[in-house]
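All remarks here apply to the structure that follows.
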Amino acid sequence: MSRVVRTAQWARPRWGSPLLGDADDPASAMGEACEHRPSSFDSIPPSGPSGDVMAGALRYGRLVAAVPKSRSRPTKVRSTLRGSPRRLVLPVAAALLAAGCSGPASEAPDAAASTATSGQATTTTARDSVTTTGSVQVESTVASTEATTQTIEPIPAAELVIETFGVPEGSRPHDVAPAADGGVWYTAQGAAALGYLDPETGETRHIALGAGSRPHGVIVDDEGDAWITDGGLNAIVEVDAETGETRVFPLPPDRPNANLNTATFDLEGRLWFTGQNGIYGVLDPVSGSLEVYDAPRGQGPYGIDGSPNGEVFFASLAGSYVGEIVAPGQVTELEPPTPDQGARRIWFDSSGRAWVSEWNTGQLSAYQPATGVWETYALPGASPQPYAVYVDESDIVWVSDFGGNSIHRFDPVGLSFTTFSLPNDPGEVRQLLGRQGEVWGAESAADTLVVIRRR
């Protein structure tokens, strides 16, 4: 198997979580956690009264003990990757505790089932940088960003490679989500299924989603279950990671053909989603309540993510704006500096800055909600078309580029891009998501998953 480049997302733990104790001081919290550290983080017991893991047990994520489904089986405590990078991830916390208690963790070997070649990486300085003050007319809707005291050193670009994993022919993988058990979920849009890859063996399996299914996005909740935005079924679908059983939450009959795109969880555990035919909505996984709202300017809502403080924003491709959902049914429209830019996807870094891929202009933009300031950077190459954007655990920004058939790594401190050519041409990577040390994507035109990680 061949390779190209990308890095991982992590979830930054907040002090006061069950894993790190209730200390207000990070140092004392870390000390307490070191004192009581179990020998294996896979054996961490559930938190809360009588071992019952309740919603809100984690300030940065929700250990779902949702409805009868969860209570019909033993409570699970798993690592998680949702569509939002602030979720607490147990392996990450384990790495932090290991570093704080016994020094840096040793490097993990590459997956046994993969073969590696060095990514063809080139580095350029960001050009045509523009900083403007956005005309944001929002009164006291942005909470101040919490100070963060911990960072993870970025993996040097020269040490990164791309590995590829083939999936069944005709799958047309669209989105990916690292699974809690080390595998990777992917939406097999051409096969009406949710796919699963075991990177250790290269084996895949498909879970059928039903006739007419056309899955688009996939994210993972705190129990490790997968949540899918399915445009063909016009529904949100949950897939149980252990049993493969599905729960389908259809949109109301008066909201047909929403063209569902992507989803994210907020800090309350609610799932927010977009539909490119002009809607956004919210699902309560516990009660099953689902609400749909009209988006400003009609068609366009595409990428969606939550800020570290819990606000939810979406990008409108056709509408060329970023929307902040200030209340159910209420959206504040934010205007990027370049008109008709085609804001496609959005992702927050740990400081609360929103990064936006601009499909029409070949640019990457950053918006700081606390100040209303925009920064815009032109991607390298003759005719870039930024599609996906993702921010990893070191606040390195990753962008997939249809025009350049590549993935770019952007250093927001050094203001430089490192470009990694995709193994297949065309590759057409439509979405990026990761975990610590890894960035995953899907070459939808080549029935291939790719991961960028240390060689």
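Considering ALA226, ALA191, the condition of being without any contact (Cβ under 8 Å) to a residue 24 or more places away in the chain and either of a type outside the set (Ser, Thr, Tyr) or buried (at least 21 other Cβ atoms within 10 Å of the Cβ) (or both) is satisfied by ALA191 alone. Residues in segment 303-342 that are in contact (Cβ under 8 Å) with a residue 40 or more places away in the chain and assigned to a strand (DSSP E or B): 16 in all. Per this entry, TRP374 is counted among residues that are over 18 Å from GLY404 (Cβ atoms) and aromatic (Phe, Trp, Tyr). Could you please let me know if THR187 is in contact with a strand residue (DSSP E or B) (Cβ under 7 Å, 6 or more places away or on another chain), part of a strand (DSSP E or B) and within 19 Å of GLU291 (Cα to Cα)? No, not satisfied.
So, of the residues in segment 248-279 that are part of a loop (DSSP other than H, G, I, E, B) and among the hydrophobic types (A, V, I, L, M, F, W, C), which turns out to be nearest to ALA318 (Cα to Cα)?
Within segment 248-279, the match that is nearest to ALA318 (Cα to Cα) is ALA258.
Does THR204 satisfy the criteria of being under 21 Å from LEU260 (Cβ atoms), among the hydroxyl-bearing types (Ser, Thr, Tyr) and without any contact (Cβ under 8 Å) to a residue 60 or more places away in the chain?
Numbers: under 21 Å from LEU260 (Cβ atoms): no; among the hydroxyl-bearing types (Ser, Thr, Tyr): yes; without any contact (Cβ under 8 Å) to a residue 60 or more places away in the chain: yes.
It is false that THR204 is under 21 Å from LEU260 (Cβ atoms), among the hydroxyl-bearing types (Ser, Thr, Tyr) and without any contact (Cβ under 8 Å) to a residue 60 or more places away in the chain.
Here the strands (runs of 3 or more DSSP E) wholly within segment 346-455 that include at least 1 residues being over 28 Å from ALA318 (Cβ atoms) and touching a strand residue (DSSP E or B) at 6+ places or on another chain (Cβ under 8 Å) are 406-411, 416-421, 429-435, 438-443, 448-454. Against the definition (touching a strand residue (DSSP E or B) at 6+ places or on another chain (Cβ under 8 Å), surrounded by fewer than 24 Cβ atoms within 10 Å (Cβ to Cβ) and not polar (S, T, N, Q)), how does VAL239 come out, yes or no? So VAL239 fits the description; yes. Annotation: of all residues in segment 412-455 being touching a residue at least 12 places away in the same chain (Cβ under 8 Å), surrounded by fewer than 24 Cβ atoms within 10 Å (Cβ to Cβ) and hydrophobic (A, V, I, L, M, F, W, C), the one that is nearest to VAL397 (Cα to Cα) is LEU415. When segment 227-247 is filtered for residues that are under 15 Å from ALA192 (Cβ atoms) and either assigned to a strand (DSSP E or B) or at pLDDT below 95 (or both), the ones remaining, listed by number, are ILE228, THR229, ASP230, ALA235, VAL237, VAL239, THR246.
Based on what the data block shows, is PHE265 crowded, with 22+ Cβ neighbours inside 10 Å, touching a Lys or Arg at 6+ places or on another chain (Cβ under 8 Å) and modelled with pLDDT of 95 or more? Against the criterion (crowded, with 22+ Cβ neighbours inside 10 Å, touching a Lys or Arg at 6+ places or on another chain (Cβ under 8 Å) and modelled with pLDDT of 95 or more), PHE265 qualifies.
Being buried (at least 19 other Cβ atoms within 10 Å of the Cβ) and small (Gly, Ala, Ser): is that true of SER406 here? Criteria met by SER406.
Yes or no, residue by residue, for (1) in a strand (DSSP E or B); (2) exposed (fewer than 13 other Cβ atoms within 10 Å of the Cβ); (3) modelled with pLDDT under 95; (4) under 19 Å from the mean Cα position of the chain (by Cα):
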residue: SER135; (1), (2), (3), (4): no, yes, yes, no
residue: SER140; (1), (2), (3), (4): no, yes, yes, no
residue: ALA143; (1), (2), (3), (4): no, no, yes, no
residue: ILE152; (1), (2), (3), (4): no, no, yes, yes
residue: PRO168; (1), (2), (3), (4): no, no, no, no
residue: ALA177; (1), (2), (3), (4): yes, no, no, yes
residue: ARG205; (1), (2), (3), (4): yes, no, no, no
residue: HIS216; (1), (2), (3), (4): yes, no, no, yes
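All of (1) in contact with a Pro (Cβ under 7 Å, 6 or more places away or on another chain); (2) crowded, with 23+ Cβ neighbours inside 10 Å hold for SER350 with one exception: (2). Close contacts from segment 281-302, counting a first residue that is without any contact (Cβ under 8 Å) to a residue 24 or more places away in the chain and a second that is among the aliphatic types (A, V, I, L, M), with Cβ to Cβ under 6 Å and a gap of 6+ residues or different chains, come to GLN299/ALA318.
The values are calculated or read from the model by the stated rules, or taken from the named source; none is laboratory data. What you see is a predicted model, and the numbers here were worked out from it, not measured in a lab. Glycine also receives a Cβ, built like all others from the backbone with ideal geometry; neighbour counts cover every protein chain displayed.
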